[in-house]
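Below is one structure, written out as C-alpha cells, with a few remarks after it.
Just so it is clear, none of the values below were taken in a lab; they were calculated from the coordinates. Computed from a prediction, not measured in an experiment: that's the story for all the values here. So basically every Cβ, Gly included, is an ideal-geometry build from the backbone, and we count neighbours across all protein chains shown.
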C-alpha cells in the first residue's frame, strides 16, 4: 500500500510538471523563440546625436577587445564616447586614452567621479550619473549605456538608433551574445539567457500595454528626454539589477521599450571556470528575489517541480515499474529540451546539451541558495570590492 501511494504521488507530481511545461510552451509569451531581433527600421531623415557612456572599474583586461569597437562606429550623425573610470586600480583610464590614440575614431573623454559612491548608490550607477552629467552639456538626443566588456560591430550604433527613431522607442536594448568557449560556458551561459527570457519574455516587453519590463545592461540605447522624465539614474541609484530597474522606471513613466537578442553586440568577458559563472549569478540572484525567504522557498520549489521532477519521474517510473510516471516525466523532459533547442542554436551549441538542462537548472538552484546565504552573512551583492545593502536599508534622497 505504501509503495502504491508513493508511485501514485510521483505520477501526480509528474503530471503537474508536464502541465507546467505545456503552459510555459504556449502561455509564456513564446519566451523560448530566438527570432526577436531589432525591430524593422528605416533610415531617419536626420541622424540624432548620441553620447556613449561606459562605466568602467578595473577593466584593463577586456578594454582592448571592446573600446576600439566603440570608437570605430560607422555612425552618420554626431557621436562621442565617455568612459567613466570608477576608481580603477589597474590603469583602466590610462589604457583607454592609449587605445584612443592608437585607433582613433569617435572622440573619447575619460573622466572619473572623483570619489566613492555615497550611501544609497551602486558604483556603476554613480559612474553613469557622472557620465550623463558630462554628456548633458553636448545636448544628445540619445544615450548609449554600454558595459566595458561589450564589443560592438561597426554598424551597431547605426542600427540601434534607426530602430529607436523609426519605431518610436524610448529604450532599445540588446542582450549581448555572451562568450561560450570553455565547457562550463557552453553548459551554463545559454541557460542563463534562456532563464532570463523565461522570466522576462521579450515579446511582452515590447508591448505598450504589458507590465513586463526589462533591459540588458550591456547595451541600452536610451532617449535622453525619457531618462530625464524617469529620473535616470537617481530613481534607480540603489539597484543592483540596474538594467531591469531602468526599464521599469522608463515604462512606468509611459515610455515604450524594446529588448531582444543581439547579433552585432558581444561580451568579451571570459568565464572559464564554474566558480566564475557561479559568482556572476549568485551576486544578484537573491536581489532578484527581493531578499525574501518566502520567495526564495517558492523559487526553489518551482525550479524543482519544473526542471528536476521530469528526469526524477522517468527514473522512478523505470525503477518502480510505473509506465505512467515514466511517460509523463519523459514528455515534460521532451518539452523542456525542445524549448531549449532554439537558444542552443543561437549560441552555436550542439543539440545534445538540451537534455542536460535539468542538471544546469540544479546548478542555478544552488547558486540562488548560495546567494541568499551570502546575503545573510553580509557578503551578498558584492562586486569588485564593494558590497551593497538591500534597498530598504539605504537613505532616501527624497
*asked:* Suppose the chain between residue 228 and residue 90 were pulled fully straight at 0.36 nm per residue; how much longer would it get relative to their current alpha carbon spacing?
replied: 46.4 nm
*First check a/c for the stretch 151-198, with a ≥ b ≥ c the square roots of the eigenvalues of its C-alpha gyration tensor; if it is under 1.5, answer rounded, and if not, answer prolate when a/b is larger than b/c or oblate otherwise.*
oblate
*Enter the angle in degrees (range 0 to 90, nearest 10) between the Cα long axis of helix 323-346 and the first principal axis of the Cα atoms of the chain, meaning the one along which they spread out most.*
20
*In the chain, what % of DSSP beta bridges are antiparallel (nearest 5)?*
40
*How large, in Å, is the stretch 150-292 by the Kirkwood hydrodynamic radius built from its alpha-carbon pairs?*
15.9
_When a/c reaches 1.5 or more, the comparison of a/b and b/c decides; with that in mind, is the stretch 50-271 rounded, prolate or oblate per its Cα gyration tensor?_
rounded
_For the chain, take the longest principal axis of its alpha carbons; what is the angle in degrees between that and the long axis of helix 242-252, to the nearest 10 within 0 to 90?_
80
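Mind sorting 241, 150 by how few other Cβ atoms lie within 10 Å of their own Cβ, fewest first?
Values: 241 17, 150 27.
Least crowded to most crowded, the residues run 241, 150.
Okay, helix-only estimate at 222 nm for the chain: each DSSP H run of n ≥ 4 adds -39500 (n - 2.57), divide by all residues, round to 500 deg cm²/dmol; what do you get?
Calculated mean residue ellipticity at 222 nm is -15500 deg cm²/dmol.
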*For helix 156-167, report the angle its Cα long axis makes with the longest principal axis of the Cα atoms of the chain; keep it between 0 and 90° and round to the nearest 10°.*
80
*Least to most buried among 336, 367 (fewest other Cβ within 10 Å first)*: 367, 336
*Three principal axis extents, largest first, for the C-alpha atoms of the chain, in Å?*
77, 48, 40
*asked:* When a/c reaches 1.5 or more, the comparison of a/b and b/c decides; with that in mind, is the stretch 266-318 rounded, prolate or oblate per its Cα gyration tensor?
replied: oblate
*Could you line up 35, 86, 149 from fewest to most neighbouring Cβ atoms inside 10 Å?*
35, 149, 86
*If we sort 260-267, 351-358 on the protection proxy, mean other Cβ atoms within 10 Å, highest first, what's the order?*
260-267, 351-358
